[in-house]
């Protein structure tokens, strides 16, 4: 009788484990590759838009070609109008964001920590938040006229609410067990706030900042419909009077570009300030 070579029995679980280890792991795309992919769809859209316009499928009066819009932008830069108007709009948005963001954070911190402050402030804030921008616009004109104050006020008003709400939410969502642990270890109230509450609320606060950046540009568009002689909104209103579709589309693209850039800055801020957080660490969320 021929003898067979001895083959020890391998448990099914161990065999599956070895097979899983032997299987090649899928390759992860690099950050540069993911960034390129994220811009692929917009680039293709612009290319299709350009080809359709050159083929006559889209009327220049309805939607000018991207090359035409780029030429218009260059002409406005040479005239000195585009850079000046862009700087004016950025200054209005930045000033309103700082004022509204600071106020929203201060009110949110007070309401988040104090039930008495919530009873005094929250209902009134929510009532004001429910009022649309366009409903406030006539009153803003009466209060501030057509000066810069009215435009900055509208931006500040729009920015305040997202930061206020997310600050309150972030503070209220801090794990009570962490607070108890801090008290047991002898932390004072100030140390509890600085070391536990604010770091725990920071993800929610930064989410509010990202949303507030988008609202700031929306408020700025509304604000720049008030009688004005500068800013990207003025450039669009002036182009409407002369049926300059290329300038109108250019202003829309500028607003979109600034929105993308500001959101990228907010994401970078998240990654820097929340590097300690597992969900925001490098490669953990983006």
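The values are calculated or read from the model by the stated rules, or taken from the named source; none is laboratory data. The structure displayed is predicted, hence computed values, not measured ones. With ideal geometry, Cβ positions are generated from the backbone for all residues, glycine too; neighbour counts draw on all protein chains shown.
Put simply, of 223, 207 the only residue that is in contact with a helix residue (DSSP H, G or I) (Cβ under 7 Å, 6 or more places away or on another chain) and at pLDDT 85 or above is 207. Considering every residue within region 182-202, establish whether at least one is part of a helix (DSSP H, G or I) and within 19 Å of the chain's Cα centre (by Cα). Scanning region 182-202 turns up at least one residue that is part of a helix (DSSP H, G or I) and within 19 Å of the chain's Cα centre (by Cα).
Results for (1) loosely packed, with under 12 Cβ neighbours inside 10 Å; (2) in contact with a strand residue (DSSP E or B) (Cβ under 7 Å, 6 or more places away or on another chain); (3) touching a residue at least 40 places away in the same chain (Cβ under 8 Å), shown as yes or no for each residue.
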| residue | (1), (2), (3) |
| --- | --- |
| 58 | no, no, no |
| 78 | yes, no, no |
| 87 | no, no, no |
| 114 | no, no, no |
| 127 | yes, no, no |
| 140 | no, no, yes |
| 143 | yes, no, no |
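For residue 109, the criteria (1) in contact (Cβ under 8 Å) with a residue 60 or more places away in the chain; (2) within 30 Å of residue 225 (Cα to Cα); (3) surrounded by 21 or more Cβ atoms within 10 Å (Cβ to Cβ) hold in every case but one, which is (2).
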